[in-house]
């Protein structure tokens, strides 16, 4: 997620947040200040070298999404990962 922001967003900085979830696991959020809306999620083009970031996150996260930042410009991409109990 952080690499995605670094590569695609025209903003000099971003914010990374990690939060433990009450039921176990972690929520990862990356916020940025770009005025541009995020690219819509689509199936990746398997013949290209890049473009699979959101696909990979969606494949392993329990939930994920993009939300506007409250009271600020930009948005926040987030994903929640839960521990697998063996």
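Throughout, read-outs are computed from the coordinates displayed, never taken from laboratory work. What you see is a predicted model, and the numbers here were worked out from it, not measured in a lab. Methodologically, a virtual Cβ is constructed for each residue, glycine included, from the backbone with ideal geometry; neighbour enumeration extends over all protein chains shown.
Working note: 222 nm ellipticity from helices only, DSSP H runs with n ≥ 4, each -39,500 (n - 2.57), summed and divided by the residues of the chain, gives -4500 deg cm²/dmol to the nearest 500. With a simple spin-label model that places each label point 7 Å from the Cα along the Cα-to-Cβ direction, the separation between residue 15 and residue 84 comes to 3.3 nm. At full extension, residue 23 and residue 73 could sit 14.9 nm farther apart than now, given 0.36 nm per residue minus the alpha carbon distance. Dimensions of the chain from C-alpha coordinates, computed as largest minus smallest value along each principal axis and given longest first, are 41, 39, 17 Å.
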